[in-house]
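Below: the structure, in structure tokens.
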Amino acid sequence: MSRNLLLLFTVPLLVSSGCVPKNNLAPKSAEPTQAKLVFRDMAEAAGVRYSWPVPEKRPLNILQTIGYGCAFLDLDSDGNLDILLVGSRPGLFKGDGKGKFVDVSEAMLGKLTGHFLGCAVGDYDGDGFADLYLSGYREGRLLHNEAGKAFRDVTLASGLKPQPWGTSCGFADLDNDGKLDLFVGNYADFGPQTKPQLCRFKTSHGDVMSSCGPINYVGLPGVLFQNQGGGKFTDVTKAWGVTGQSGRTLGVAFADLEGTGRVSIALANDEAPGDLFVNQGPGKFKNEADLRGTAYDQNGNKHGGMGTDFGDFNNDGKLDLAVATFQNEVKNLYINEGMLFRDQSPELGLGEGANALVAFGIKFIDADNDGWQDLIIANGHVQDNIAEIEKKTYRQPLQLFQSKEGKALLEVSNTALVGIAPLVGRGLAIGDYDNDGKQDALVVDMEGKPLLLHNETRLSGSSGNWIGFTLPPNTWGAVLTIEANGKRWTQQCQPAGSYLSSSDPRVHFGLGSTSDPVQLNIRWPSGKTEIFAGLAAGSYIKLTPKN
């Protein structure tokens, strides 16, 4: 019934907006009029040396191709980004803020091993240092940051339990008590005895065995843990109403949808309707994805939801939602119109060039500091022998779409991603690792090495100004609005999102040609608001809430 109500609301909107037919989509690799974007892989030169094992026995099953995540984070609160690469033996690299990294994996993680897949970053005990949660298959570890010197496994004492197949996860203050809670997505009921492990595909040259689709497995719901303080967490999934999940969750993102100070939860689910648990007040959530328009694409179809992310695409002060999906499915860009979201992907140019690929990591990124959010997507198939089944490839190209003032997305991958070969893309994070004011990217190639994409876009002072803010790592969920030269931009402090990954916790604003002093309006998770005026562009400013 709610889906029919949604159609009644949205059909007039679709008619009045004049949807662009499929044969009139923006052409692939169209050149924008803005700055020419340039990204170059600097992982080896920067000292980020890590690789994920390449399986020998093939074909691979669905568990073997789920992939891994990554993170930009500040280990010791020195203002410089460090790197986490998730795997059976996680890699940790300390950055100097100038583009170089040193491997500190063993020094800070010891002999930590497990079937780890994803990560969440946040200061759950408020001591000023960012802690880690690692999700995984039959896994789940809470690692306490010991003042930037090492991580200590405190899982058992915390009350957190291993998950059957933990995927994307994230910290957020969901009850406005000043403490970060934790949501962990789960995928499916799958084990060594599960049937089928592989499925048979008929081709013109005979039958081929390969990884089965997700609909062959029962989806499992995620778990919401409330932070009780004192290092303790309690499962409040049922008590808080985060029930009736579609399951097979691969993407988790958080946002204050309506400026109420209450943070809601969006879940991207694999070949199942998306979930949107709207925060009704402390300890009360309601799944309104169907009613609000994020459960399905604009044609009413469910999708293979992978990564997901919130960002203000059209600079109207409301956070929009991007969802990465399977091949031949719309890559959703849900525009927040207030109470409702509307999927405008084809109209905005996120069409055939993106739809043909299997997308996982996805993030909003202002790559040229023009004040408009661009979009970067990591792609890679889920069947390692897909070329034997159909005309597709396992390794697929990374994609970058440049925003044209929030009115269109133009693919610039061919010219912007210099020398970047196709990959089995999974996790994706963004962050300014060399503190030059331009956002870079970290990408997982699950059958290779990480990519550290340095943003080498040439920006002039008159077209690429910026300002950034560093907030305490227990204040995820703060909403920042800046004003300068008659313009306004809104973003949230929330590193979660994408796929199995966590991004730069600093809040970065591109200002375009604006060079006037900036006024910042910030609403902290506690509900308190503050105004900072006369802020100069071109640096990261450290903020702490007043008592």
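Determine the pairs where a residue that is more than 21 Å from Gly425 (Cα to Cα), located within segment 85-103, has a partner that is surrounded by fewer than 24 Cβ atoms within 10 Å (Cβ to Cβ) and polar (S, T, N, Q) with Cβ atoms under 7 Å apart, the partner being 6 or more residues away or on another chain.
Gly95/Asn80; Asp96/Asn80; Gly97/Asn80; Gly97/Asn435
Inspect segment 216-232 for any residue being closer than 24 Å to Tyr334 by Cα, buried (at least 24 other Cβ atoms within 10 Å of the Cβ) and touching a Leu at 6+ places or on another chain (Cβ under 8 Å) and give the result as yes or no.
yes
Looking at segment 418-435, which of the residues that are β-branched (Val, Ile, Thr) and not in a strand (DSSP E or B) is farthest from Gly307 (Cα to Cα)?
Going through the qualifying residues, I end up with Ile420.
Within segment 344-361, is there a residue that is in a helix (DSSP H, G or I), open to solvent by 10 Å² or more (accessible area, probe 1.4 Å) and among the acidic types (Asp, Glu)?
yes
Note down all Cβ pairs under 6 Å where the first residue falls in segment 523-544 and is within 24 Å of Gly261 (Cα to Cα) and open to solvent by less than 50 Å² (accessible area, probe 1.4 Å), the second is charged (D, E, K, R) and not in a strand (DSSP E or B), and they're at least six residues apart or on different chains.
Pro525/Asp173
Given (1) touching a residue at least 40 places away in the same chain (Cβ under 8 Å); (2) part of a loop (DSSP other than H, G, I, E, B), where does Ala322 come up short, assuming only one miss?
Ala322 satisfies all of (1) touching a residue at least 40 places away in the same chain (Cβ under 8 Å); (2) part of a loop (DSSP other than H, G, I, E, B) except (2).
Condition first: touching a residue at least 60 places away in the same chain (Cβ under 8 Å) and hydroxyl-bearing (Ser, Thr, Tyr). Now tell me which residues in segment 142-201 satisfy that.
Correct list: Ser158, Thr167, Ser168, Tyr187.
Residues that are more than 30 Å from Leu60 (Cα to Cα) and in contact (Cβ under 8 Å) with a residue 24 or more places away in the chain: find the strands (runs of 3 or more DSSP E) completely inside segment 362-415 holding 3 or more of those.
In segment 362-415, 399-403, 409-411 are the strands (runs of 3 or more DSSP E) which contain 3 or more residues that are more than 30 Å from Leu60 (Cα to Cα) and in contact (Cβ under 8 Å) with a residue 24 or more places away in the chain.
Find the strands (runs of 3 or more DSSP E) located wholly in segment 61-114 whose residues include 1 or more that are among the aliphatic types (A, V, I, L, M) and surrounded by 22 or more Cβ atoms within 10 Å (Cβ to Cβ), and list them.
70-73, 82-85, 91-95
Considering every residue within segment 500-517, establish whether at least one is hydroxyl-bearing (Ser, Thr, Tyr), open to solvent by 40 Å² or more (accessible area, probe 1.4 Å), more than 25 Å from the chain's Cα centre (by Cα) and closer than 20 Å to Val263 by Cα. Quick ask: steps written out before the conclusion?
Here is the first cut: in segment 500-517, the residues hydroxyl-bearing (Ser, Thr, Tyr) are 501-503, 513-515.
Restricting the remaining residues to those that are open to solvent by 40 Å² or more (accessible area, probe 1.4 Å) gives 513, 515.
When the remaining residues are screened for being more than 25 Å from the chain's Cα centre (by Cα), the result is 513, 515.
Then drop every residue that is not closer than 20 Å to Val263 by Cα, which leaves none.
No.
The values are calculated or read from the model by the stated rules, or taken from the named source; none is laboratory data. Note that the coordinates shown come from a computational prediction; the quantities given were computed from them, not determined experimentally. So basically every Cβ, Gly included, is an ideal-geometry build from the backbone, and we count neighbours across all protein chains shown. In case anyone asks, the SASA skips ligands and DNA or RNA and just uses the protein heavy atoms, side chains included. Shrake-Rupley method; radii C 1.70, N 1.55, O 1.52, S 1.80 Å.
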